[in-house]
Every structure is written in structure tokens, then in C-alpha cells.
Amino acid sequence: MKKILILDFGSQTTQLIARRIREQKVYCEIHPYSTPLEKIKELDPEGIILSGGPASVYDSDAPLSDPALFELGLPILGICYGAQLMIQQLGGKVEKAEKREFGKADLAVQFTGGLFAGLETSPVHHQVWMSHGDRVEVAPEGFEATATSSHSPFAALRHKEKPFVAVQFHPEVAHTLIGTDILRNFIFGLCNCQPDWTMHSFIESTVTAICNKVGTNKVICALSGGVDSSVTAALIHRAIGDQLTCIYVNNGLMRIGESESILRFFKEKSKLKVIDVEATDFFLSELAGVVDPEIKRKRIGLGFIKIFEEEARKLGEVNYLAQGTLYPDVIESVSFRGEAPIKSHHNVGGLPEIMKLDLIEPLRELFKDEVRELGLELGLPEEAIYRQPFPGPGLGIRIMGEVNLERLKILRQADVIVLEEMKKSGWYRQVWQSFAVLLPIQTVGVMGDGRTYENVIALRAVDSKDAMTADWSKLPYELLGVISSRIINEVRGVNRVVFDISSKPPATIEWE
Ligand code: XMP
């Protein structure tokens, strides 16, 4: 497949570069800056982008790419650190700037071709976004400045004969208003790519690849009701039909109605084979008396593996396990290397090893919004596609303290009110997640003439792009008021509602 290769030097916006390029219907992959030259040749890209990064090129431990990269005859675009590295490796000079440039800057473009083709120039100013403390002082032989800013005499450069271009600013961020034009000029103008990577072509090539890999063997897939597993199942089903069996484990910790609608769709409309296992009692007995969040997570995770394995064994010989792993989980990101997990996330981790199954991960190359686009193309219902993320351990980690039937009943009723009101007001799709949390403490209230002593519900709504960081959503007071009075009036056992105004970090999105 034709592609652009992005070498990652640890910038927080490396994934954004990939997103912007794929939006142009050109496929691209992110690999670590240290990827060996041989591997790069194997990947056979049409062009290479060197990302930004936090280091300085003159640091003794600065991350370097193989200088032989510049002898491959491929177009190369350096961004920020990547630009400085290109300039230094080709014989120019980079030094600490007297003034750091951070944020919006004015770019004066002098050159009407290359990256700036089709843009108004000399002396038109364009808004770009800068974030650097070093700058290019001397261009290497053969290079010339194509744009300047007030603090960067070389805000953009090009080689006069070779297809090497560099920008000190970040074309991938929205504040660089000409960013898309610049990336388009690189991929279409310099690299001669074609905009032919569409969801339709993705489905065709993936279906063929799955058929070739699976042959006449059997595949199983754990359906959770979430977007990723639903799209994975639909795509594999398109490829191999009845050779796929899905297993849905009802752990009793789901929201009202959430998984039922997608299950109904799969069973009735798409004729997918789904084994629907009712395991509420088992999970509740596993959780009886458990208060510690990590133990809860582990019990739910292990319980899932046990039941899934039992069901899978009944199917006879199965060779593959399908998983909805997405691209952000696959990228060997330079910046996040070595980070310790904060919570043990439960998906289907551990299953492939225990069951000695090979993995099929057809979404490995996709970002979340691409998965949604794919789901729509495969005909999945819109409400399932635009569903907010829901954690594997479900409501189990939204009930503080012990999980039992009575508490689940209270939380479900409150949660459904939150969802109804979020949808009715149009806020559901504007936030990343919105849900209720049940606190195991009683507070005093007054209802009618009597004193009450009942539970507290916390309302959590957050804005986020990738769940790595999040801020609390600024929901209107009217909406908060409606949700609160509906919960207190309609849900027996709750007399107080509070709104969580913590961001992540230092809090997390879920309470456990
Ligand atoms: P936290 O609470 O860590 O959550 O800020 C980040 C995102 O991950 C979701 N989440 C999970 N998803 N299995 C999942 O599939 C899990 O065990 C799990 N725990 C948290 C959470 O809802 C949020 O979107």
C-alpha cells in the first residue's frame, strides 16, 4: 500500500500529523525515529516526515535519524525538531534562540512554490503555530529560506534541487491556518501521492487480507456492545461470514439498553452468529464483599476470561481471536515509552495467551473517528457508532464500595436519566463521556415532612480527545438542574446529586 512514513521524535502532536494526512485520503504510518534504514526501505514510503520532539539537536543524547535517509531519493519534510535535525545533519547550524517562540506567529512567505504552492505570498502574512527554543542560524549548502517569522530567519526552508523541505512551525495543529495546504503540497505536490485511501478501499483490502489469513479456519470475537468490537465483528463477518462466532458475556454490569440494541442488530439484521451468555449471578458472587477497585477490576477481568474460555471451548477447534485494537494502542510512541499504568484496564487481555489463539486485529491501523466512519460504511446503526466509551468493568467501577443488585438498580436508574437528558439537550455527542456514579455514603435530606437519609449520586461529564487528559464539561446549569431533580424525584434511594468538577490529571475519568 502506498504510504507516507512519519518518524516520531516524541512530539505530542505526532499523531495529529498522521490524522491530517489521512484526512487527505493518503495512508500513513508512525514509526520511532530509530527505525533502521532497512526497515524504512521495506516500508517503501512515497515520502518521509520527521516529526517535532522535545530534545535539542545539539544535546549529547539527541535522538538522531540515520543520515542515509537523505540518500534514499525520497521527499522529506522536517517539522520543528525534525526540521532542525535535517538542517544540522545536512551541514547547517542550529542554535539556542535568544527568544523562544511559543504560540501564534506571523509567517512571511517569500517563495511561491513547493510547500507554499497556491498560497498568496510576498509579503502576505499567514498565522502559524510555533513551539521552539532553538532555531536554524545557517542553512546548509543548497538550501534557501522560503519563509521567515519575526524570530526565525529560517521559519521554512527548501533544498533548491532535492525534494527536502523543512518548517519550524507545526502545520498539523489547527492554529496554523495554512497547515492543511502545506501538508497537501507535500504529499500531493512533492510526493505525488493519490487520494485513494478511502474506507471503501480499506474494507476491500482488509476483507481480502482476512480471507487469505483465515482460510477455512474459525474465528471468535468478544462482543462488548462498544464501537470497536462491533465494527471488528462486522468487518470480519463481511469477510468470512459463518466462520466467525461472537460471544457476548452479560456480566450484569451494563447500562440499561446499551448492549441490547447492538446485539439485536447483529442477530436480526446481519445474521451474525452471537452466543449470548447470561452471567450476572456469577459476577455478582465474584464481587460480593469486594471494595478495593483493583480487586474489583481483576475479578471482573478474570471472570470474563473464564466464561469466554468455557464458551469458546464448546465451539470445538478455533484458531483466531478477533480484537478491536486501535492504532493509538499500537504506535510505539516515543513520548509515552516507559509510562506505568495507573489502572489495570480490562478488555480481553490475557485471552490469546491462555487459549493459544492467533490474533486478528483489523482496526490496528485506524484512529477512533476512522473506525466510526468504517462502522457507518458497514451499515452499523448510528446510535451504536456514536456511543460514548464504556469501560470493560462497566458499572462495577461506578459503584464505590461493594457492588450488589440493589446498588446496581439505583445506579442504572440514575444513569439512564443522565443519558436521556444529555441526548435530549444535544450534549451527549458534544462530550467525551457522561455518566452517574453511586457513592456509598448516606446524607440527610427532607422529603415531604419527613427526614431522609439516602445515597449520593455524582454526575461526571468530561471533554477529551483521547482519554489521556480530560476536563470537566461545562454543562449548562439548567441541564444540571433537570438531571438533578429528575434523579432525586424518580430514583428511590437517592436524595442528593453532586457534579464532579475535577480534570484529568490529577483525577481520572472513572472514579475507580
Ligand atoms: P480513566 O478512568 O483511566 O479512564 O481516566 C480513561 C478512559 O478509559 C475508560 N476505561 C476503560 N476502558 N476497560 C476499558 O475498555 C477498562 O478497564 C477501563 N477503565 C477505564 C474510561 O471510561 C475512559 O474513557
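The values are calculated or read from the model by the stated rules, or taken from the named source; none is laboratory data. If you're wondering where the values come from, they're calculated on a predicted model, not measured in any experiment. Every residue, glycine among them, receives a Cβ derived from its backbone with ideal geometry; neighbour counts consider all protein chains shown. Just the protein is used for accessible areas: all its heavy atoms, side chains included, with ligands, DNA and RNA removed. Shrake-Rupley method; radii C 1.70, N 1.55, O 1.52, S 1.80 Å.
For the chain, the relative contact order comes to 10 percent (Cα pairs under 8 Å, sequence separation of at least 6). Mind running the shape call on segment 471-512? Use the C-alpha gyration tensor, a ≥ b ≥ c as the square roots of the eigenvalues: rounded below 1.5 for a/c, prolate if a/b tops b/c, oblate otherwise. Taking the square roots of the gyration eigenvalues as a ≥ b ≥ c, segment 471-512 is oblate. Which of the three applies to segment 1-70, rounded, prolate or oblate, going by the alpha-carbon gyration tensor with a ≥ b ≥ c and a/c under 1.5 meaning rounded? Oblate, since a/c reaches 1.5 and b/c is not below a/b. Distance from the alpha carbon centroid of segment 443-507 to that of segment 130-193 works out to 48 angstrom.
Need one word for segment 4-190: rounded, prolate or oblate. Basis is the Cα gyration tensor (sqrt eigenvalues a ≥ b ≥ c); a/c below 1.5 gives rounded, then a/b vs b/c decides. Rounded shape, in that the Cα axes give a/c under 1.5.
Across q = 0.16, 0.18, 0.25 Å⁻¹, segment 69-159 modelled as identical point scatterers on its alpha-carbon atoms has Debye log10 I(q)/I(0) values of -0.63, -0.80, -1.40, in the order of the q list. By the rule of a C-alpha distance below 15 Å, with chain neighbours fewer than 8 residues away ignored, the aspartates and glutamates paired with Lys3 are Glu23, Glu29, Glu42, Asp44, Glu46, Asp196, Glu365. Asp281 contributes about 130 Å² of solvent-accessible surface, heavy atoms of the protein only, 1.4 Å probe. The calculated P(r) of the chain, using every Cα pair and 10 Å bins from 0, goes 3, 17, 23, 21, 18, 12, 5, 1, 0 in percent.
Measuring nothing but how far apart in sequence close Cα pairs (under 8 Å, 6+ apart) lie, relative to its length, segment 62-173 scores a relative contact order of 31 percent.
The Rg/Rh ratio of segment 404-499, with Rg taken over Cα atoms and Rh as the Kirkwood radius over Cα pairs, comes to 1.00. For Lys218, the residues 5 or more places off, or on other chains, whose built amide H falls under 5 Å of its own are Asn319, Tyr320. Quick check on segment 119-249: what does the Kirkwood estimate of hydrodynamic radius come out to from the alpha carbon pairs, in Å? Taking every pair of different Cα atoms in segment 119-249, averaging 1/r and inverting gives 19.1 Å. Can you compute the helix-only [θ] at 222 nm over the chain? Use -39500 (n - 2.57) per DSSP H run of at least 4 residues, normalise by all residues, nearest 500 deg cm²/dmol. Rounded to the nearest 500, the figure is -9000 deg cm²/dmol. Taking amide H as placed 1.01 Å from N in the peptide plane, Ile49 has its amide H under 5 Å from the amide H of Leu5, Ile6, Leu7, Leu77, each at least 5 places away in sequence or on another chain.
As a calculated quantity, the FRET efficiency between Asp276 and Asp471 at R0 = 30 Å, using C-beta atoms, amounts to about 0.20.
Sites listed here are GluC sites (Glu not before Pro) in segment 131-175 whose DSSP assignment is loop and whose Cβ has at most 13 other Cβ atoms within 10 Å: Glu141, Glu161.
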